[in-house]
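These notes concern the structure reproduced below.
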Amino acid sequence: MKSPQHTDPQVEAGQGRIALWLDLEDLRWLARHCCCADDASDEDKDRCGRLRFRASAALHKQPHSA
């Protein structure tokens, strides 16, 4: 299995990103759950999809996350 790549905090900050540590169970919930209302805008649905994708990717990189 390939080791996760470490991120460069300065590069991430330059992209407007900040570090966020989540409990593993909260991350699992976030990866599977969408709170968008039925009438949510496409922009909100896209944002929710990006968050769920990133949560899922983080879980995938985490050893023993299953």
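Computed from the coordinates by the stated procedures, all read-outs in this text should not be read as laboratory data. Just so it is clear, the model here is predicted, and its values are computed rather than measured. Don't worry about glycine lacking a Cβ; one is built from the backbone with ideal geometry, like all the others, and counts go over all protein chains shown.
Among the trypsin sites (Lys or Arg not before Pro) in region 16-66, which ones are in a DSSP loop with at most 11 other Cβ atoms within 10 Å of the Cβ? Mind listing them?
ARG17
Over the residues of the chain, compute the C-alpha Rg and express it relative to 2.2 N^0.38 Å.
Normalised Rg, Cα atoms only: 1.28.
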